[in-house]
Structures are given as structure tokens and as C-alpha cells.
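The values are calculated or read from the model by the stated rules, or taken from the named source; none is laboratory data. Quick caveat, the model's predicted, so the values are computed rather than measured. In this analysis, Cβ positions are derived from the backbone assuming ideal geometry, glycine residues included, and neighbour counts consider all displayed protein chains. Note: accessible area is taken over every heavy atom of the protein model, side chains too, but ligands, DNA and RNA are not part of it. Shrake-Rupley method; radii C 1.70, N 1.55, O 1.52, S 1.80 Å.
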Amino acid sequence: MGKRTVIPFGPQHPVLPEPIHLDLVLEDEKVVEAIPQIGYIHRGLEKLVEKRDFKQYTYVAERICGICSFMHGMGYCMAVEGIMEIEVPERGKFLRTIWAEVSRIHSHLLWLGLTADAFGFESLFMHSWRLREEVLDLFEQTTGGRVIFSVCDIGGVRKDIDAEMLNTMVSVLTRMEKELRDLTDVFLNDMSVKHRTVGVGVLSKEKAQETGAVGPMARASGISVDMRTLGYAAYKHLQFEPITAEAGDSYARMEVRIGEVYQAIELIRQCVELIPEGDVITKIKGNPNGEHFIRLEQPRGEVIYYVKANGTSFLDRFRVRTPTFANVPALLETLKDCDLADVPILILTIDPCISCTER
Amino acid sequence: MYSMEEQKIIKISPDEILAETVDLKNAGYRLVAISCVNKDGIELSYSFDKDYDFVHLRVNMDYDTEIESVSCFYQYAFLYENEIKELFGVKIKNITVDFNDNLYRISVKTPFNMKEEE
Amino acid sequence: MSILSMTKTLFKSIVHGPYTQLYPIKPRENFERTRGSIENDIEACIFCGLCVRRCPTSALKIEKAEKLWSIERMQCIQCGYCVEVCPKKCLHMRNEYTTPNTIKVKDEYVDARVSDN
């Protein structure tokens, strides 16, 4: 047994590897234990719900995080709709699904780029982000914003996408898909990439269940759990299977996320084919009274929204349990027995979003 | 038609929490989240899931009641419980990894439950 | 397993040339829907104060007596909620951003017309 050393790790830049602080207990080069500490970007957004009325809060909910902003807005709206028993028009649901899937592509490409950066493959990082740029342009064309969309509203969506734009979206994504095939080849087959990811940070299926992992982290360990199969928004009309891998290492997590990018493109194609004509928003009357739990699948995994209302325009409580919060125990598990040099990659492979976690 | 996930909320008393949790754990449920509401007392919701079956245990109690931690069954509950303890000042005992109010870096004590000082 | 799998993409990039723009020389064109900045057609404004009450960041202010409508540019988050609630539709979202600045900018709009009576 070697001498024990404690190395403080982080907090770092809020993009990735994120402002999480870890005290790494090392034995020689091996990590024995990691103790997390968060709280560097706690903004108390859940508390703000008492100061902003429930319609204004739609815009606050989106700003919990800059990557899954659409889904945060959508989850909040769905929870309030659940309390008020509002049925969103079908076209509104399809548009929500399209934007949610484009968000997924955007988030996964961002993550792929940053992972490439973490193992020192600078040009791969640049090319992943080049593709992501086109996705951001699609967002700006359809919603008016690149990361914060302000497009989801209680009762539906605030903007419509016309047929021409929908077809443009599909053609842009089809072209992107072709270019992504080249990058996928690098991510999944290149020797230097495999050297850094295969067998690193293995999380077995049992451990994943034990630590309560969600999203791609759980799916890479062979647990087929995907909240989209619940059929919220327009997912019940779409054909898809959760993407899983068996190995549970960093490579498997990469594989799952790359698979989900292609899946998202396919889902958008299905949406564009199936989207009905009609209204995009229902008018709402009165204030919510009651409580509701909602579950969605974010790019990072399962997210829970809980809204409790009291019949006034101010809500009692808004609670978000973000995927990163659930994945931190899994991260601590993978960190055990890894090399110090692999720590940044392992933190990245859970796709952490501490802004979400702390709210 | 209106189509949202069914809300299954089971009301229990604070001392039943361990017994109910262990039942769910043995039935193969995973802990999804623990949420807390501060409104005329503390209201805790423990959410569980098994194959997309979503159940919540609801505990209503006053500010001074102590509640047992569920982290002995679900180890990863320590994060939720530390958070609730720190933000709401709920008295949770026997958390396996207790941060002693040092999880978040906040300047006020129990910011989500400041009624007494107002 | 392969080595040099990146070469294909790299050769494509060499042929294609830079994907970036020489920014200040060639400015980026905004899309029609880009949420840039809020503009008020002050002559149509009735100073009802609905936008002020609805703004999530309290960036808007009105002085009814002086017929003045003002916006804190740095506080505004371009959510467009004020545009949506405006009863006279005198507020609108321009697709151009305000110029970046190091100090807080407040824009004031005053209706300078003298009333008829």
C-alpha cells in the first residue's frame, strides 16, 4: 500500500469540465476515493418561483441551463399544463418534439467536441463544433435565439415553423449526417481515441443500478431506460428504440451518444412527415391549483419537474431534479480505482452540467 | 384526450418511511428523487420508479420532527438529503455521508426556509 | 482499429477553405426571427404599463405624466413577453442587437407630441 495523498480537483470553467470540486484521495497514481463538493453556481432559481408569476417563470425555467434550455422550459410548461389539465394542440406537440430533438443533437455534438478536447484531439473538437454551429443556426432561424429560445409557453409553443423551413431543417440535418459519418469513424475507430476511452471508467450494470444512474450513463451500462418511451409530447407517434451499449466504459458512453445523434435526426424526419396542420397554442385561463410530477428525457438523462401551485399566480414550489444530480454518485463510483490522468475524461463522460444541478 | 402520466401519491407518516422504503427497494424500485416543499410545515416527496411505474411517498411533518435517512437502503440518497437538510433545515438523521451543511456554498442558513427571521 | 482516420476530414477542410468569417470586415447577417432588441413605436404607445408589469427582469419603466418609456438594455433578456402582451402592438422585436458596451445602457423613448387640447 502506497502513501495516501489528497489532490483537490476543480472547480473549473462552467462549460466543461464544470465547476465541481473533488477531493481526490490518491494512492500512488490511483484514485481511491473522491469527495464531491458543489455550490459554486447556486443561484436559487427554485426560490425565485415565489417572486415571479407562473407565466414569467417560463422564461426563468429556461435559463436554468444553457444546453438543455428548451427541455427545461418544456418540462416546466408540461407540469403546469398537467395541473391545469390543458391539452396542447397536436402541432404544438410535434414542434416541441422537433426542438427537443434538435437540442439533443446540439448537446451531444457539444459533448463530443469537449470529449475530443479532453483527450487532446483538438481538430476533432473543432470539427464537432463546426457541425454544431449549423444546428445553432437552425435554432436561430426557427426560434430567434441560439441557446435560449423563449419559444415554449404554457399551452403550446409561441412560434410556428412553416413547411418550407421544416424541409430546410431536414436537408441541413441530412447533409450534417453525412459529415458526421466521417467524424464518427474517428470517434469510434481511431486508435488514439480508443486508447483513451476503451476500458476506462467501467460502470457495471449492477453498479449503475445501485448508484441510480440515468440517461446515456445508464444506457451505456446496458440498462434500457429512456423516458421518451413514456410517449410525452409527440413521441407516442414516433418509432424508436432506446440506444444501449453493454460495456459500460467511456467508449460505450460515446457510442450511445453518437447513436442518439443519428436517432434524433431520424426522429426529426419522422416528425416532419407526420406533423399535422393546426394551432400551436391553446389559450389558458385562470391560475393553476394542485401539484404535478413530470419526467422527461434530456440529452443528459431523466429529469424530474415538480410544481405545486395554490390557486394564485405565484407557485408554492418548483423543483427540478436534473440528470447530473442523479449521475454524480455514478461518477464517484467510476472514479474509484482510475488513474489520475483519466479523471478529467471520466468527469466529462457523465456529461455533467453543474448549473442544472445547483439551479 | 388528456394524456399525462398518472400521479400516484401515497401518504405516510414520518416514522413509516424506513419500512415503506425497504418494501419498495425489495420490490426492485429505484429512488428517483426526494423533493421538499416548505408550506405550513415540511412536505417531503420520495419518488420511486420501476419499469416506468412512478410512485411517490408523501410525508407531512412539522419543522421540529426528525426523520430517518433512507441512505442506508439507497446509498445515493445522501445527495438529496444533504441538499434538503441544507436548504430547508429539515432534521434528517443518520445520513451515511453527511456534509454537515457544507454541500453548497451559500451565505445564509437554510435559504429556502427563512420564515422565522422575517 | 485505424490510424490517421482524421485525414479524410482534414483534406476536405483544406479544399473547402476556412469555415469561419472574418468578423468585423464581413459582419454576420441576422435571421428574420433573431431576437435582437426591443423597439418601441412611441407615438402609438398609450403608457398602459402592461409591459412593465409583465417583464420578468424589471427592465422596463414608464413615466405616464412625462410620456416616457425606458428600457435597461443590459437587463433585458429578449424574451419577447412584453411584445406579446402589448395591447397597441407598438412594441416589436428587431433582429439587430444593440452594440456591446462596458457600461449599463438605458434607452429612453419620449413622446414629444403636444396633445391637441
Would you say B:Ala19 is of a type outside the set (Phe, Trp, Tyr) and without any contact (Cβ under 8 Å) to a residue 12 or more places away in the chain? yes
Would the stretch A:56-63 turn up any residue that is under 30 Å from A:Leu22 (Cβ atoms), open to solvent by 10 Å² or more (accessible area, probe 1.4 Å) and part of a loop (DSSP other than H, G, I, E, B)? yes
Looking only at residues in the stretch C:59-74 that are outside any strand (DSSP E or B) and modelled with pLDDT of 85 or more, which one is farthest from C:Tyr109 (Cα to Cα)? C:Met74
When C:Met74 is evaluated against the numbered criteria (1) touching a strand residue (DSSP E or B) at 6+ places or on another chain (Cβ under 9 Å); (2) crowded, with 17+ Cβ neighbours inside 10 Å, which criterion, by number, is the only one it fails? (2)
Could you check, for the stretch A:189-208, whether at least one of its residues is basic (Lys, Arg), open to solvent by 60 Å² or more (accessible area, probe 1.4 Å) and closer than 16 Å to A:Ala118 by Cβ? yes
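Matching residues to (1) of a type outside the set (A, V, I, L, M); (2) at pLDDT below 85; (3) closer than 30 Å to B:Lys39 by Cα:
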{"position": "A:Leu296", "(1), (2), (3)": "no, no, yes"}
{"position": "A:Arg317", "(1), (2), (3)": "yes, yes, yes"}
{"position": "A:Val320", "(1), (2), (3)": "no, no, yes"}
{"position": "A:Asp351", "(1), (2), (3)": "yes, yes, no"}
{"position": "A:Cys356", "(1), (2), (3)": "yes, yes, yes"}
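To keep it simple, each residue is scored yes or no on (1) closer than 25 Å to A:Asp117 by Cα; (2) within 11 Å of chain B (Cβ to nearest Cβ); (3) in contact with an Asp or Glu (Cβ under 9 Å, 6 or more places away or on another chain).
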position: A:Leu22; (1), (2), (3): yes, no, no
position: A:Val32; (1), (2), (3): no, no, yes
position: A:Gln37; (1), (2), (3): yes, yes, yes
position: A:Lys47; (1), (2), (3): no, yes, no
position: A:Glu50; (1), (2), (3): no, yes, yes
position: A:Asp53; (1), (2), (3): no, no, no
position: A:Tyr57; (1), (2), (3): no, no, no
position: A:Val60; (1), (2), (3): no, no, no
Filter the stretch C:1-43 for residues that are part of a strand (DSSP E or B) and of a type outside the set (A, V, I, L, M, F, W, C); the one that is surrounded by the most Cβ atoms within 10 Å (Cβ to Cβ) is C:Asn40
Considering each residue of the stretch B:29-50, count those that are facing another protein chain (nearest Cβ under 9 Å) and more than 20 Å from B:Phe112 (Cβ to Cβ), and give that number. 4
